[in-house]
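The values are calculated or read from the model by the stated rules, or taken from the named source; none is laboratory data. From a predicted model like this one, the values you see are computed outputs, not experimental measurements. Please note: Cβ atoms are built from the backbone with ideal geometry, for glycine as well, and neighbour counts cover all protein chains shown. Remember, those area values only see protein heavy atoms, side chains included, never the ligands or the DNA or RNA. Shrake-Rupley method; radii C 1.70, N 1.55, O 1.52, S 1.80 Å.
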Amino acid sequence: MMTLRAMITALAAAFAMAATAQHKSTATAKGSGASRQEAAKATIKASTAGSIAKQGFTDIADIDPTIHVSLMYSRADNFTGRILYEDLRQAYLHPLAAKALKEAQRLLKKERPDLSIKVYDAARPMSIQQKMWDTVKNTNHSFYVSNPRNGGGLHNYGLAVDITLCKADGDTIPMGTKIDNMNNLSHIDNEDGLLKSGKISREAYDNRRLLRKVMRAAGWKPLRTEWWHFNLRTRAEAKKYFKVIK
């Protein structure tokens, strides 16, 4: 018959073996998790995002994680009807533009803590610009897209953003049209007329004005034909002082 001392010794040995096994299991899990994280980082570095980052552009999430990002060209529900950003999910900007967008978010939060800026497009490689141009050239929508042969647009320098306003949970608020709507309902130079005729609501009218107010205060300039589009510099300045995203 096993003595009391022998039973205690056997139990202690069993607990020690169990603890060792648990430690090895935890270490393996941690190692596996670290490996997955390293693999994910390596994938980003080798992707479009990695290429843009290497060219000196800033991930908006790094400078202000409160700004929402949902790139519309990573989905097919855009004016081209297809996915253009196969592997890009992050929004990048020139560092000056990223700083200015952060300031616009600060001003918005000061006035409306319940709202946030939501980015639908930011820095855009010229190769993607060419695909967009090919979609609209020789159509009556061609003036909405910059021709790459002429140097592209300010998105191609990381100096433009397509944005809207959203609630804390990311749900967008009324702006009168969807982003990428290519008709005069998106124009900002006759919003009083659009409101008077009932083509946009008072809520959408006020929301557009709020968006322009905070963006202008942060140094951005609105585009006449697109309520969602803002430029930080002129095209002439971009061509003279900044580099195109490859």
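Things to note:
- Residue in region 136-153 that is without any contact (Cβ under 8 Å) to a residue 40 or more places away in the chain, buried (at least 22 other Cβ atoms within 10 Å of the Cβ) and not hydrophobic (A, V, I, L, M, F, W, C) present: no
- Within region 45-65, tally of residues that are under 26 Å from Ala168 (Cβ atoms), assigned to a loop (DSSP other than H, G, I, E, B) and open to solvent by 70 Å² or more (accessible area, probe 1.4 Å): 1
- Residue within region 92-107 that is modelled with pLDDT under 95, open to solvent by less than 50 Å² (accessible area, probe 1.4 Å) and within 29 Å of Lys243 (Cα to Cα) present: no
- Taking every residue in region 67-83 that is small (Gly, Ala, Ser) and surrounded by fewer than 16 Cβ atoms within 10 Å (Cβ to Cβ) and pairing it with any residue that is assigned to a loop (DSSP other than H, G, I, E, B) and modelled with pLDDT under 90, at least 6 positions away or on another chain, the pairs with Cβ-Cβ distances below 8 Å are Ala76/Arg82.
- Of residues in region 186-217 being among the aliphatic types (A, V, I, L, M) and within 27 Å of the chain's Cα centre (by Cα), the one farthest from Lys167 (Cα to Cα): Ile188
- One residue alone among Thr172, Thr177 is open to solvent by 50 Å² or more (accessible area, probe 1.4 Å), among the β-branched types (Val, Ile, Thr) and modelled with pLDDT of 80 or more, and that residue is Thr172.
- Of all the listed residues (Leu165, Leu211, Leu195), the sole one being over 19 Å from Ala104 (Cα atoms), in contact with a helix residue (DSSP H, G or I) (Cβ under 9 Å, 6 or more places away or on another chain), modelled with pLDDT of 95 or more and surrounded by 14 or more Cβ atoms within 10 Å (Cβ to Cβ) is Leu195.
- Condition check for Lys118: open to solvent by 70 Å² or more (accessible area, probe 1.4 Å) and either in a strand (DSSP E or B) or farther than 22 Å from Ser51 by Cβ (or both): no
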